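Below you'll find the structure, written out as C-alpha cells, and then a few comments.
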Amino acid sequence: MTELKETMVRTRLPAGLIETPAWVADFVEVSCGSWEDSNDIISVRTVESPTHALVSMVARDARSMSGADFADCVDSIYGSLHEHLDQLSVRRPIRMWNHIPGILDPVGEGMNRYHLLNQARHRAYCRWYGSPDVFNEHVVTATCTGHEGNDFIYHCLAGRSGGIGIENPRQAASYRYSQRYGPKPPCFARATLLPLDDSGGQRILVGGTASVRGENSMFSGDLRGQLNETLNNLVSILGASYCDSPTTATPSLSWYSHIRVYYKNEGDRSQIEFTVSQSFRPDATVEWVRAPICRDELLVEIEGLAVVSDGSDDQT
C-alpha cells in the first residue's frame, strides 16, 4: 500500500470527474473541498461537516495500467481510506461509488478490471472486518460502473453514527455470489438505512440497482424488461428496509427524492427517460450518466436517495 505523504500538494480538479450525486450536498458541501496529490498517481479530496465526511480519490490514467498495477492501485485506495477517515471526526462509511475506466476490458487470464476491483475490495474488507462471514454486519451500499475517461474514481461518504445495511429479498447478497462473476464477489449492501433525521424522516441510500434476480442477469437485450425488473428491485429494497418497522406506509417509487440513471447506449436514453418520467414523482431530481454497467448484458442501472416518514405515505 502506498503511504500517505504528511504534506500533500494541491492539484487541479481531475479531468472527466464523475462527481457524487446532487443529494450528497445535503450532507457535506462538496464544492468546498480541494484536490491534493497524495502520491504520483492518486489525488485526494476530503470534505467534512459536523455530521458527515466525504473522501474522494482519483487514480490518474488507470485505463493504461496493467492488471497488476491497477490491482495495486485499488488496494492502495481502499487501504488508505481508513487513514483518511482517521484524520477526520466522522469515520463510519455509509455509501461508496467506484467508476472504472474500461470496466470490462480484458486484463489477462479471463479477468477484467471489475474483477480486479472486487478482489481488492474483498481483501480490504477482510482486513477491516475479519471473516467474510461477518460482512453482512459491516458492508455498506455502493455503485460500481464504468466510464469513458481514463481515471479510476472513488468516493466514500461517511457518517458519525453509520447506518444499517439492507439486502433485497429478490436478489442474492452480493458477497455470497458464486464464482460465475469472478474469483471474488462484489461486496456491498443493496441499501444503507440511516438513523432518523431531526424531522423524524428516514433516509435510505439505495445503491446501483439493475436487472438482476438472485445473482442472474435478467432480460438480456430487452431494455423494457430490464427497466421493469430494475424498478421492481428498487421498490423491493424499500420494502426490505421497513420489514421490521411499524410504519403503515406502502413502499413505492414515490419515496425517491433523487435518482441517478446510468445507461449504456445513447440510443436507449429516450425510452429510459419516458419510463423514468412515468414511474417516479414529478419533483424527483434525476441525473443522467452514460456509462458501461458492470456486466456487458446490462443496459441500465439506477441508484437513489429515498425519504419516508413513519406512518405516512406523504413524501417530501
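The values are calculated or read from the model by the stated rules, or taken from the named source; none is laboratory data. None of the values given here were measured: they were computed from a predicted structure. Positions of Cβ are generated from backbone atoms using ideal geometry, with glycine treated the same way; all protein chains shown enter the neighbour counts.
Please state which one of Gly239, Gly207, Gly214 is surrounded by fewer than 19 Cβ atoms within 10 Å (Cβ to Cβ) and within 22 Å of Tyr181 (Cβ to Cβ). Being surrounded by fewer than 19 Cβ atoms within 10 Å (Cβ to Cβ) and within 22 Å of Tyr181 (Cβ to Cβ) holds for just one of Gly239, Gly207, Gly214, which is Gly214.
Quick check on the stretch 178-198. Is at least one of its residues without any contact (Cβ under 8 Å) to a residue 40 or more places away in the chain, under 18 Å from Arg295 (Cα atoms), in a helix (DSSP H, G or I) and of a type outside the set (Phe, Trp, Tyr)? Steps first, please.
Of the residues in the stretch 178-198, the ones without any contact (Cβ under 8 Å) to a residue 40 or more places away in the chain are 178-180, 195-198.
Filter once more, keeping what is under 18 Å from Arg295 (Cα atoms): 178-180.
Now restrict to residues that are in a helix (DSSP H, G or I): 179-180.
Keeping just the survivors that are of a type outside the set (Phe, Trp, Tyr) gives 179-180.
Yes.
Cβ-Cβ distances below 8 Å connect the following pairs, each with a first residue in the stretch 293-316 that is polar (S, T, N, Q), a second residue that is assigned to a strand (DSSP E or B) and modelled with pLDDT of 95 or more, and a separation of six or more residues or different chains: Gln315/Ser257; Thr316/Ser257. So is Val261 in contact with a strand residue (DSSP E or B) (Cβ under 6 Å, 6 or more places away or on another chain) and β-branched (Val, Ile, Thr) or not? Yes; evaluated as a whole, the condition is true for this residue.
Please go through the stretch 95-133 and give me each residue that is in a loop (DSSP other than H, G, I, E, B), within 23 Å of Thr20 (Cα to Cα) and either among the aliphatic types (A, V, I, L, M) or without any contact (Cβ under 8 Å) to a residue 12 or more places away in the chain (or both), ordered by number. Working first, answer last.
Our first condition is that a residue be in a loop (DSSP other than H, G, I, E, B); within the stretch 95-133, this holds for 102-105, 107-111, 130-131.
Then keep just the ones that are within 23 Å of Thr20 (Cα to Cα); that gives 102-104.
Of everything in the stretch 95-133, those that are in a loop (DSSP other than H, G, I, E, B), within 23 Å of Thr20 (Cα to Cα) and either among the aliphatic types (A, V, I, L, M) or without any contact (Cβ under 8 Å) to a residue 12 or more places away in the chain (or both) turn out to be Ile103, Leu104.
Of all residues in the stretch 80-94, none satisfies being surrounded by 15 or more Cβ atoms within 10 Å (Cβ to Cβ), out of contact with any strand residue (DSSP E or B) (no Cβ under 9 Å at 6 or more places or on another chain), assigned to a helix (DSSP H, G or I) and of a type in the set (Gly, Ala, Ser). The residue that is farthest from Glu303 (Cα to Cα), counting only those in the stretch 17-33 that are in a loop (DSSP other than H, G, I, E, B) and either touching a Gly at 6+ places or on another chain (Cβ under 6 Å) or modelled with pLDDT of 95 or more (or both), is Glu29.
Name the residues in the stretch 36-48 that are outside any strand (DSSP E or B) and either buried (at least 20 other Cβ atoms within 10 Å of the Cβ) or at pLDDT 95 or above (or both), would you? Steps first, please.
Within the stretch 36-48, the subset outside any strand (DSSP E or B) is 38-41.
Hits for the stretch 36-48 are Ser38, Ile41.
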